[in-house]
Amino acid sequence: MSAFRHSLLGRLLADPMALFAMVIIAALVIMALLADVIAPHDPGAMNLADRFAPPSATYWMGTDNLGRDTFSRLLQGGRIALYVALTAVTISGLIGLVLGMLAGFGPRWLDNALLFFFDALRAYPTIILALALAALMPRGLSTVIIVVVITSFAEYGRVVRTQTLSLKNSEFILAERAMGASFGRIVFHHILPNVLGPFFILAAMNLPVVITIEAGMSFLGIGVPPGTPSWGATLKDGFDYIRNTPWILLSGGLPLILATLGFTFLGEALRDQLDPRLRKTR
Amino acid sequence: MTQDTSRRLFPNTTRRQLLAGAAVLGTATMFPLVAWADGSRLNVRAYLEPDDYDPLDASGFLEELLYGCIYRKLIQYVPGDQWDWQPDLAESIEQTSPTTIAFTLKEGQMWSDGFGEITAEDVKFSLERHMVEENNSRIKPDLGPFSHVEVTGTHSGIIHLDEPFAPLWTIALPYLAGTIICKEAVEAAGGKITTAIPPAVSGPYRVVEHRLGERWVLERNPDYSGAAADFDRVDLVVIVDDSAAEIAKEAGDVDFAQIGPGSVARLQDSPPPGTRLSVHPSLFYHWVGLNVQNPKFADERVRMAIMHAIDVPSIVQAAFFDVAEPATGIIAPGLIGHRPETIIPPQADPARARALLDEAGIDRLEVNLDVLNTVIHTTAAQVMQATMAQAGIDLNISVHESGSFWSLGVSADGDRWQDLELTIKRFSMTPDPYYATAWFVTEQIGDWNWEQFSNEEFDRLHDEALSETDPERRDEMYRRMQDLMEESGGYRFITHGVTANLFADNIAPATRPDGLPLVQFFRRA
């Protein structure tokens, strides 16, 4: 019991902010996974006679311009948002991890080249890049994921590089080298575990950003195709028909707010727990 | 009791004086507002951005919005509820034979920027340049069998046609192709009017600034020879989205805006203060086009299955909020050639569609639909997606911004035009059926005819109807042409829609009978 209390999960559960975040995230994940079971209506079923209906016992969050149940569409949209967020963050994180460690551990010229590459990518506005890529690629989730990966892996790379650089010349690494440890052993047994803490904090903080990018691209009409239930598409419908009903916009914004709060709080709680300097000050 | 006056901003000012000063200041700041509100400036919504100032590049009403303000024509449409024309540059103009039109220009009508008087040479240059093959005029069909202009004097000339042309007075002369430009100025610029230099103009306004993607700024043309315009400045403000246009109107950013059909019922019941709404039957036509040359649709049964799977009333209800009626073709009610009904009923028949697919040996059909990123067309696409699924047709929707969309079917812009499957489009229209059918002849494949519909009888009827003067015979010909379009399985007609204009009550807008604005005739109320 004591061991669990001192584990990362135990410490997180003891933190009210982390607990709140995990409850929100768990609720979103469960609702997304069980969307087909929970949804009271077919998210694609039109019912023009009931369009723009306010929240009611039949339609918990009202209906959109085609009479589709907003709640059911948001549940399905959650599935898309989490799929895009987890996939994009995983891919961009892995790319950033590898490139960051190469930059930090490799020769100087490689470090400079990768650093220039990271900075160049980070300097490019996400939405402008998304618009450019969307014009060249077929519209869909793959494009959204590619846009997110391209615009975000440099951030991971930079963080990992900094961590690697600070570890590279530390005494225990120098000692390992002196004892003849292989490159692989140093990287995988010593550098990587020490880099993962900040990496996961950044990933948690990035998840809501990715969800917002997906929603933003769908809002701008360059995300998922029309008809696909996504949070951004619901917001777009809400904007288009704000004069007819405010409910679509209000309902569409709610899961985005919850997801942003949940993942941001979790990221901050992780930082509190994993950053030794912050732990000392607690 | 003493006061520490050293820390006060105005040590000798009493509270009463301060309040009075504030009142005076407040009143003073009202003056610019009053000057603005007196109507010296007019902001009109443009739903897209015109390409440039050159009629050679014109594609539809959007350019007419700009050209109407800065250029003149021999004749212009009369604002109001009835289609009619009135002389503009022409002092007199009459049809002297079925193929000749004699005109005399008003004297003393001037070009801006010192380019002198408008002459018959300008008329000749303006009309004939559309017929030069290398100029690639996109509105060449507007002039039909136009041959040339014979200049008989400084202010007079004769327009010659190769054969009689019924739409001459409804399309050719009062619309885009009839725009008169300055020969001397255009030749000095190398034969093409670009956006680099504001053009020599003759209309009530001149261009002072073009903010790309935002607005065209026009101001009163001091060289205009007609009655002075009512407004010192006119801004054509580019607002693509209908909802944004409505918000812009209510916020006072524009004085006149076309709005979407979704707002009509609400605004008719309770228009915002200081605002009026007018609703007009539109001549535009929206339709679902199918590329009949695409190998996927080689089997006529497949084309017909798709047509039967599209439910037009649902699209009209969802995207046009029931303020419009389902269309029976590309020619609106009231015009020659309007069909009373379609061959395929507007209601979808999923069972019939399914049966046709079964006959063609297709279990599940996947079709791609390209649409413009407007609320109306993306909504229509989603309705189609839902209803077509009932017949076993999976519809993939691709949404494009304007520039990308309007190049999809153009052969000069790449190879995509050959692979097109379904599209939803809207074309602008004038009060003559010729303007509707002109874009679907074989010659237009790779330009405007994205369905790649090619039918000898259609092409022949189109040519014959140009010079047909018997209205009944002409009516019959255009009906038959629409039958042929529908029988090809390439066209599912949706609606003509409505034109709803929201405008400030301190202006008196001038519109065509179909509600489209003639900004050059706008006045202060």
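The values are calculated or read from the model by the stated rules, or taken from the named source; none is laboratory data. What you see is a predicted model, and the numbers here were worked out from it, not measured in a lab. When we count neighbours, we look across all protein chains shown, and the Cβ atoms used for this are built from the backbone with ideal geometry, even at glycine.
Helices (runs of 4 or more DSSP H) wholly in segment A:202-282 with at least 2 residues that are surrounded by fewer than 21 Cβ atoms within 10 Å (Cβ to Cβ) and at pLDDT 80 or above - which ones?
Values: elements: A:231-240, A:247-274, A:276-281.
Result: A:247-274.
Working only within segment B:376-386, note down all residues that are within 9 Å of another protein chain (Cβ to nearest Cβ) and either buried (at least 23 other Cβ atoms within 10 Å of the Cβ) or under 10 Å from B:ALA319 (Cβ atoms) (or both).
Scanning segment B:376-386 gives B:THR378, B:THR379, B:ALA381, B:GLN382, B:VAL383.
Mind checking whether some residue in segment B:254-264 is within 14 Å of another protein chain (Cβ to nearest Cβ), over 25 Å from B:TRP85 (Cα atoms) and among the charged types (D, E, K, R)?
Filtering segment B:254-264 down to residues within 14 Å of another protein chain (Cβ to nearest Cβ) leaves B:257, B:259-264.
This time we only want the ones that are over 25 Å from B:TRP85 (Cα atoms), so: B:259-264.
Next cut, among the charged types (D, E, K, R) only: none.
Scanning segment B:254-264, I find no residue that is within 14 Å of another protein chain (Cβ to nearest Cβ), over 25 Å from B:TRP85 (Cα atoms) and among the charged types (D, E, K, R), so the answer is no.
Condition (residue is within 14 Å of chain A (Cβ to nearest Cβ), crowded, with 17+ Cβ neighbours inside 10 Å and modelled with pLDDT under 95) applied to segment B:413-430: is it met by at least one residue?
Looking through segment B:413-430, none of the residues is within 14 Å of chain A (Cβ to nearest Cβ), crowded, with 17+ Cβ neighbours inside 10 Å and modelled with pLDDT under 95.
Does B:ALA389 qualify as being surrounded by fewer than 19 Cβ atoms within 10 Å (Cβ to Cβ), within 10 Å of chain A (Cβ to nearest Cβ) and closer than 30 Å to B:PRO261 by Cα? Even if it seems obvious, please write down each step before you answer.
On the way: surrounded by fewer than 19 Cβ atoms within 10 Å (Cβ to Cβ): yes; within 10 Å of chain A (Cβ to nearest Cβ): yes; closer than 30 Å to B:PRO261 by Cα: yes.
So B:ALA389 passes the test.
From B:GLU134, B:GLU184, B:GLU121, grab the single residue that is within 26 Å of the chain's Cα centre (by Cα), assigned to a helix (DSSP H, G or I) and either outside the structural domain of B:SER59 (by TED's automatic domain parsing) or of a type in the set (Asp, Glu) (or both). Can you show your working first?
Values: B:GLU184 fails: within 26 Å of the chain's Cα centre (by Cα); B:GLU121 fails: within 26 Å of the chain's Cα centre (by Cα).
Matching residue, one of B:GLU134, B:GLU184, B:GLU121: B:GLU134.
How about segment B:292-346: which of its residues are touching a Leu at 6+ places or on another chain (Cβ under 6 Å) and closer than 17 Å to B:THR437 by Cα?
B:ALA332 - this is the single residue of segment B:292-346 that is touching a Leu at 6+ places or on another chain (Cβ under 6 Å) and closer than 17 Å to B:THR437 by Cα.
Go through segment B:278-312 and report how many residues are within 13 Å of chain A (Cβ to nearest Cβ) and more than 24 Å from B:LEU365 (Cα to Cα).
Filtering segment B:278-312 for residues within 13 Å of chain A (Cβ to nearest Cβ) gives B:311.
Next, only the ones that are more than 24 Å from B:LEU365 (Cα to Cα) stay: none.
The total comes to 0.
Name the pairs: first residue in segment A:95-112 and free of Cβ contacts under 8 Å to residues at least 60 places away in the same chain and at negative phi, second residue part of a helix (DSSP H, G or I) and surrounded by fewer than 15 Cβ atoms within 10 Å (Cβ to Cβ), Cβ to Cβ under 7 Å, at least 6 apart or on different chains?
Close Cβ pairs satisfying both conditions: A:LEU102/A:LEU110.
Going through segment A:28-70 one residue at a time, which ones are more than 14 Å from chain B (Cβ to nearest Cβ), within 20 Å of A:PHE239 (Cα to Cα) and of a type in the set (Gly, Ala, Ser)? Break it down into steps so the answer makes sense when it comes.
Let us first name the residues in segment A:28-70 that are more than 14 Å from chain B (Cβ to nearest Cβ), namely A:28-40, A:53-62, A:70.
Okay, now just the ones that are also within 20 Å of A:PHE239 (Cα to Cα), so A:53-55, A:59-62, A:70.
The answer is A:ALA53, A:GLY62.
Name the residues in segment A:55-113 that are of a type in the set (Val, Ile, Thr), surrounded by 19 or more Cβ atoms within 10 Å (Cβ to Cβ) and either part of a loop (DSSP other than H, G, I, E, B) or modelled with pLDDT under 95 (or both), would you?
Selection gives A:ILE80, A:VAL84, A:VAL89.
When you scan segment B:382-491 for helices (runs of 4 or more DSSP H) that lie fully inside it, which ones turn up with 3 or more residues that are touching a residue at least 24 places away in the same chain (Cβ under 8 Å) and at negative phi? Don't jump to the end; show me each part of the working.
On the way: elements: B:402-405, B:416-419, B:434-437, B:456-467, B:471-487.
In segment B:382-491, B:416-419, B:434-437, B:456-467, B:471-487 are the helices (runs of 4 or more DSSP H) which contain 3 or more residues that are touching a residue at least 24 places away in the same chain (Cβ under 8 Å) and at negative phi.
Six or more apart or on different chains, Cβ atoms under 7 Å: show the pairs whose first residue is in segment B:31-49 and of a type in the set (D, E, K, R) and whose second is at pLDDT below 90 and surrounded by fewer than 18 Cβ atoms within 10 Å (Cβ to Cβ).
B:GLU49/B:GLY213
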